[in-house]
Each structure stands twice: as C-alpha cells, then as structure tokens.
Amino acid sequence: MNFHSDSGYLPLKPIIHSWIDSLIARKDLMLDKIRKEDSPVNIHSLDPFVENIQTYQCVFQKYKLKHKIYFARKANKCISFAQQAFKCGQGVDTASFNELEQCLAAGIPASVLILTAAVKNRKLLELAVQSQVTIVLDNLDEYFLLKEIVEEKQKNTAVVIRLSGFTLNEKQLHSRFGFSLVQAQNLIEEIHLDAGLLRYSGLHFHLNGYAVDERVAAIEQSIRLIDQLDAMGIGTESLDIGGGFLVNYLKEGEQWAAFHQELKLAVLGQRTPLTYLNDSLGIVKSEMGIQGEPSVYPYFNSNNKALFLERILKSHSELFHQPIHELIQQRNLELRIEPGRSLVDQAGVTVATVLFRKADSAGNFLVGIEMNRSQLRSSSADFLVDPIHLPLKSGNQHEDPCFGFLVGAYCLEQELILKRRVKFDKFPEVGDLILFPNTAGYMMHFFESEAHRFNLAANLFFDQSEGSLIKDG
C-alpha cells in the first residue's frame, strides 16, 4: 500500500477552542508532563466549561425561568469541573458513592448536589441521607430501603421521583428506568399521606436519544401529573428534564454527510475502505444491500447545546395549547437540567506519544501510540473526529503527509484507537505527539481500564496565564 495515498481517507475536521491552539504551541510543556506522568495525558481547561454554563443560563433568563444546571459528573471525573459548577452558582449530579463523597469532601454543599445513581445500595443512601442530599428515586426497592434509613437516622430527606412510560403518537417511549406515571402518582400520594421523614419535592426524567418532540411529550405528561397532584394539595417544586444535549464536534456538515455516504459505498465494496479491514461501524450488509446507519454519535449537528434547549422550550404543547416555557413559568417550577457532555464541550484533549511505525500483513500502515483504546472510548462505534499530529522535528526527509491507522497497547487484533484511516502531517517519527481534541465528555473516562495493569491517564489543567499544567484537584 502507498502510505501517501489519500484514497481511503475523508477529513472530519474538528472545531478547536482557542485554549487548545495555545496548548498546541506548547509542545515542550506537554512533552515534559508526559515524561513525568507517562503517556497518555488528559489536559483540560475550565474556560469552555464556564462558557457552556453561561450559554444555558442565557436561554433560561430569556424565558424568565427559575432553573438549576446540574453538571453530570459521570461525563468526566475531574473534581475541578464539579467545583467550578458550584462557583458558577449551579449544581452537580452524582451517580456513585465515590462521586458523591468526593464532592462533599471538596466542600460542595449538599444543597446543590443531587443523587441519580442507577443502583443505590445502603452505603450510598446512608451517605446521601446523612448529608441531606436530594435523592432521585427509581424503583420501589430503593424507596423501601430509603424509608428504613431515614427512620434509623431520623433525618428529613427530599426525594425526586423518576418518571418513565411516556407516549408519543400513541407509542410508548421505552426505558428501563423510572416509574410509570400511574405508579409515580400512587407513590407520591403515599409519601404525602405518610407525612414522615421523606418529602416529595419534584419530578425527573431522562430520555435516550435526541428527539425534541419526545422531550416535549415527556414535559407535557409530567406537567399533567403535576397538575393532578396540585389538585390533591401536593405541591411540586421542580421538573428535571435530564441531560442528553447534543454537542457539535465538527466544522463542516458537508464532511460529515460525505463520510456517511462513502462509508456505505465502502461497505458494499464500491470504493476504497475508509476503516480498518472495512469495519462497517454498525451498518449491516446482506444480500439485499445494506441496512441501518452507523452506530455512532452524531458528531456534526446544528441543533446543539443551548439551541437544543431553546427548541424544546419554544415548542408548542398540543396538550395545553401554549408554549412549553409558559407551562413551566405559570406553575412556578424550577426547571432543572443535567448536562454532562455539553458542559465539557471543548474543555479537554487527550495527548499520546508515537512509539512505532510498521505495516501489517495486509500492507496497512500502522502507527503505534502509547495508550489503549479504553482511554478514548464511548458507546459510539468510533470517535469520528480528526486527531492532530504534532511532529517534534522539522526539516526531516519525510515531509509529505501520509495516511494510516492508530493502534494501541492492548494485546488484541482489534486494538484500534480509531477505526478510521487518519492523516499525519508528515511521516510520523517516534516521540511525535498525537492530540485528540474535545475528549473531555465521556471519551477519556467513561470506559477507561487498568487492564494489563496500565496506569490510568493523568488528568491535568492548563493554566494559560502561568503557562503551566497542574493536576486536577
């Protein structure tokens, strides 16, 4: 194979925040930290995080809505982001004992924390009750256990009830989480009549996917329940519509569309493969042709972050015959959201060093880097964003760009860091840096593993004013 042929490459150029440009200019700083901490390193900045909070706040203020933004810590484990959310007057969504304990130890008040963990054992619930953290209830077993704990500790505890089973166009929106609307009403009535240490304070839902009409339907049906409860003398303080706000990673929609079109042709064998061994990224090929779409995150989308929130709020409710934002405002509800990925959009990069170059048995050009695929992985079949090659030397004999695949450290044939063929600015040399932009949201932490006893990547923050990299926390 000709390493310099671009026939199997289509660009997917990333959006790059200005702090990343400043970091790229400091290769010496990154190299020094990699020597001390080992490759790879995760490098963050708080500036985009604050900017993202402010864009959501602007939408809430535009529609005069009481609100609270809870940063979903599961998207990124750095405590600095949770601390910054509190400094900005917002909250933190915690999903485990360690997340909650660390937030409390870092001085974040319990009043701005919420516990949404999918599985809540006694140890976790005891910590939440003792600390007076609001708890999102998902099932009856959690409820019964929580009742025991509050009686033992004699602590008043606020609970939010997670809803499920919404319908749209007479079809149910499936979820494994939460109570049906009927179950929720019965439970809330029981809590109210019991008049014990548990106090119902609000409703919560989190929908899979990114459909505006599904969010609108869920809000409508939640508000209908709120009105029913109000008629029984049961007040609701908040409605939490969860997270799942889209992020746009790419500069050009045309590149995203072209990649999808050409990937299908490659799977059909009608063009040069774009991925290693022509991986379909989830497309199914059969005698009838191809079916389905790639199982990947929508890395380019124009309906992202605060724009997505505003579309929901501006949508017209067919059930109530008025805009969604008016429904919320008229009931004096605090509208809560739990963004994770979209709050750390542009707030982090992952940097690794080149260790070897070789061809595999099929002639594919492989560049081995000192990291493993768990350190750049989410539920998406591939991270469809161009990495940035940072050569350390200039003026070598291999100045022309070349194309190949990034492979990692696990002893597996399928140990691809990226399945897509990528571009290197010039023939990569041992010691060069590969920078993966915009990885703070899920990519660097959600699936990271210490298999082979590899160390987890160090988490650093870039201080532009001091020109330094400091450890998280």
So which helices (runs of 4 or more DSSP H) are wholly in the range 81-154 and hold at least 1 residues that are aromatic (Phe, Trp, Tyr)?
-> 97-105, 140-153
Of Leu435, Leu412, the only residue that is among the aliphatic types (A, V, I, L, M) and touching a strand residue (DSSP E or B) at 6+ places or on another chain (Cβ under 9 Å) is Leu435
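Can you say whether Ser361 is assigned to a loop (DSSP other than H, G, I, E, B), without any contact (Cβ under 8 Å) to a residue 40 or more places away in the chain and hydroxyl-bearing (Ser, Thr, Tyr), as far as the supplied structure shows?
Yes: the conditions hold for Ser361.
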Long-range neighbours under 8 Å by Cβ, at least six apart or interchain, first residue within 19 Å of Asn76 (Cα to Cα) within the range 371-388, second part of a helix (DSSP H, G or I) and among the hydrophobic types (A, V, I, L, M, F, W, C) | Asn372/Ala451; Ser374/Ala451
Working only within the range 326-357, note down all residues that are β-branched (Val, Ile, Thr) and not in a strand (DSSP E or B).
-> Ile328, Val344
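Is it true that Val160 is outside any loop (DSSP other than H, G, I, E, B), at pLDDT 95 or above and within 24 Å of the chain's Cα centre (by Cα)?
Details: outside any loop (DSSP other than H, G, I, E, B): yes; at pLDDT 95 or above: yes; within 24 Å of the chain's Cα centre (by Cα): yes.
So Val160 passes the test.
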Only listed residue being more than 18 Å from Gly473 (Cα to Cα), surrounded by 17 or more Cβ atoms within 10 Å (Cβ to Cβ), among the acidic types (Asp, Glu) and at pLDDT 95 or above, chosen from Glu151, Glu99, Glu142 | Glu142
Would you check if there is a residue in the range 367-375 being part of a loop (DSSP other than H, G, I, E, B), at pLDDT 95 or above and not assigned by TED's automatic domain parsing to the domain that holds Asn455?
-> no
Considering every residue within the range 2-19, establish whether at least one is touching a strand residue (DSSP E or B) at 6+ places or on another chain (Cβ under 6 Å), surrounded by fewer than 15 Cβ atoms within 10 Å (Cβ to Cβ), of a type outside the set (Asp, Glu) and touching a residue at least 12 places away in the same chain (Cβ under 8 Å).
-> yes
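The values are calculated or read from the model by the stated rules, or taken from the named source; none is laboratory data. Not measured: the values here are computed from a predicted model. Cβ atoms come from the backbone with ideal geometry, glycine included; neighbour counts cover every protein chain shown.
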